[in-house]
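To start, the structure under review is shown below, and the notes come after it.
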């Protein structure tokens with residue numbers, strides 16, 4: 001894993017963050033325009049330089065069209081997966097096949113070396129569940145840490 005660019009931020013002197021076009025993680029180059037990324041995901045507020053909860057933000061459920069934009073704009077790595085979840089590419093394929101499936105997850109701060117968008121949950125409201133969707137959802141989410149299939153479909157990977 002290597003980087004083709006890096007940022008040096010001197011917080012003590014309140015130096016402005018140098019914005020990067022892309023940062024390379026393995027063979028994938030992330031689009032570092034976090035303002036556009038965050039707008040697409042409905043995230044607002046300034047990022048601060050600290051560890052812990054301030055360095056990640058969760059976003060609400062997104063549909064396949066938003067996931068497609070994240071992929072096309074290189075905000076998310078198609079081969080990335082969150083723990084034992086399917087890859088982003090596989091999730092996109094599943095959501096394209098079943099457009100009522102929604103995904104959610106989190107983003108990391110542009111100040112972190114591991115800048116990314118991660119998906120850690122899938123959801124389908126009860127009104128959109130078909131027998132085929134339920135069967136395929138259970139098979140697709142077989143490695144989920146939590147799987148709910150009674151009232152709605154929900155899978156979460158820790």
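With the simple spin-label model, which puts each label point 7 Å out from Cα in the Cβ direction, the residue 83 to residue 143 separation comes to 1.2 nm.
The stretch between residue 68 and residue 39 holds 9.0 nm of extra length on full extension. This uses 0.36 nm per residue minus the Cα-Cα distance. Let me know the shape class of segment 32-121, please: from the alpha-carbon gyration tensor, a ≥ b ≥ c as square roots of the eigenvalues, rounded when a/c is under 1.5, otherwise prolate if a/b is greater than b/c, or oblate. Verdict is prolate for segment 32-121.
This ranking places 107, 64 by how few other beta-carbon atoms lie within 10 Å of each, fewest first, which gives 64, 107.
A short reminder: the numbers here are calculations on the coordinates, not readings from a lab. For clarity, every value in this text was computed on a predicted model and none was experimentally measured. Cβ atoms come from the backbone with ideal geometry, glycine included; neighbour counts cover every protein chain shown.
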